[in-house]
Amino acid sequence: RAGDTVTIMSMHTPETIYAIYGLNYIGAVANMVYMTLTEKEILHSVDNTESKFLLVLDAALEKVETIKAKLCVPVVVLGVADSMPPHIKLGYRLKVKPKKHAFIAWRGFLRQGASEAPMTTDHAAPAVIVYTSGTTGEPKGVILSSYNITSIAFQARMAGYHLERKKRFLNILPPFLGFGITMLHETLGAGLNIHLWIQLNPNTIAKQFVKERPEFFVTGPAFVDAIAAQKHTDLSNILFFGGGGGALSKKSQDDINTYLKKCN
């Protein structure tokens, strides 16, 4: 219901995005927590926000299994492979066996839906909670409204970032980051073709970046260094290449700018 909170511990998979927008549609709040939370922190986050559900990516299921006796809310499991095309899903399943559990699977959860809920019209109400990094103490929950997030998306469109329908965005930003949730909404709202890449290994991402040639890419310094190490010579496909969230030395900045200029 409107005003209820659901804790989501997941990466930017399609099911996670459906859940965020579904909650937002009815006026409920998505409490987006880090995948690195300990068992104790998961319990605290669910209890502190009085969450009605916990949605968890199956890759992090082991932590939830150990505290299931202490959890007082239903748990819905989002599968990494749920939206994969059949041939890719088969290859993934050969490498990673599905985890057996006693919780509610995503598809089973959807089948339990009884009726269509009305759309919220209160755009200033809380929509998402994201957390600070905790560099100066305990991470703090930051409450964002639909208006907050949509305002940022509108500003990006007006700022001349070339956000145009069907342009490609290689998205490696987790939705539990404030930057991640706003970039997701910006690019979805503009109709970009978004490739959701959740394997956060810098070298793997660098290779995918070179292979896909997206027009948009947003990241942190470590991933830029990995891209520069690919010795790729043509980045003329890029319309927007940005980032932040990490320290950058003057030398690294100069090296990156030199590399980008050399690559068009």
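The values are calculated or read from the model by the stated rules, or taken from the named source; none is laboratory data. As the structure is a prediction and not an experimental result, all values here were calculated from the model. Using ideal geometry, Cβ is built from the backbone for each residue, glycine included, and neighbour counts are taken over all protein chains shown. Surface areas here come from the heavy atoms of the whole protein model, side chains and all, with no ligands, DNA or RNA. Shrake-Rupley method; radii C 1.70, N 1.55, O 1.52, S 1.80 Å.
His195 falls short on exactly one of the conditions (1) part of a loop (DSSP other than H, G, I, E, B); (2) open to solvent by 50 Å² or more (accessible area, probe 1.4 Å), and that condition is (1). If you filter the stretch 228-264 down to residues that are without any contact (Cβ under 8 Å) to a residue 24 or more places away in the chain and closer than 24 Å to Gly160 by Cβ, you find that the one that is surrounded by the most Cβ atoms within 10 Å (Cβ to Cβ) is Gln253. Among the residues of the stretch 69-89, is there at least one that is free of Cβ contacts under 8 Å to residues at least 24 places away in the same chain, over 20 Å from the mean Cα position of the chain (by Cα), surrounded by 15 or more Cβ atoms within 10 Å (Cβ to Cβ) and assigned to a helix (DSSP H, G or I)? Among the residues of the stretch 69-89, at least one is free of Cβ contacts under 8 Å to residues at least 24 places away in the same chain, over 20 Å from the mean Cα position of the chain (by Cα), surrounded by 15 or more Cβ atoms within 10 Å (Cβ to Cβ) and assigned to a helix (DSSP H, G or I), which makes the answer yes.
Among the residues of the stretch 1-42, those identified as closer than 16 Å to Glu62 by Cα, in contact with a Pro (Cβ under 8 Å, 6 or more places away or on another chain) and among the aliphatic types (A, V, I, L, M) are Ile8, Met11, Met35. Just so you know, in the stretch 107-142 the residues that are in contact (Cβ under 8 Å) with a residue 24 or more places away in the chain and aliphatic (A, V, I, L, M) include one that is most open to solvent (accessible area, probe 1.4 Å), and it is Met119. Candidates are the residues of the stretch 1-17 that are loosely packed, with under 15 Cβ neighbours inside 10 Å and not small (Gly, Ala, Ser); the one that is farthest from Ala114 (Cα to Cα) is Pro14.
Residues in the stretch 143-166 that are assigned to a helix (DSSP H, G or I) and either within 21 Å of Asn237 (Cβ to Cβ) or in contact with a Cys (Cβ under 7 Å, 6 or more places away or on another chain) (or both) were compared, and the one that is least open to solvent (accessible area, probe 1.4 Å) is Ala156.
Considered as a group, the residues in the stretch 205-224 that are open to solvent by 20 Å² or more (accessible area, probe 1.4 Å) and not in a helix (DSSP H, G or I) include one that is nearest to Leu184 (Cα to Cα), and that residue is Glu215.
I'd like to know if the stretch 167-176 contains one or more residues that are open to solvent by less than 30 Å² (accessible area, probe 1.4 Å), more than 25 Å from Val210 (Cα to Cα) and not in a strand (DSSP E or B). Yes: the stretch 167-176 contains one or more residues that are open to solvent by less than 30 Å² (accessible area, probe 1.4 Å), more than 25 Å from Val210 (Cα to Cα) and not in a strand (DSSP E or B).
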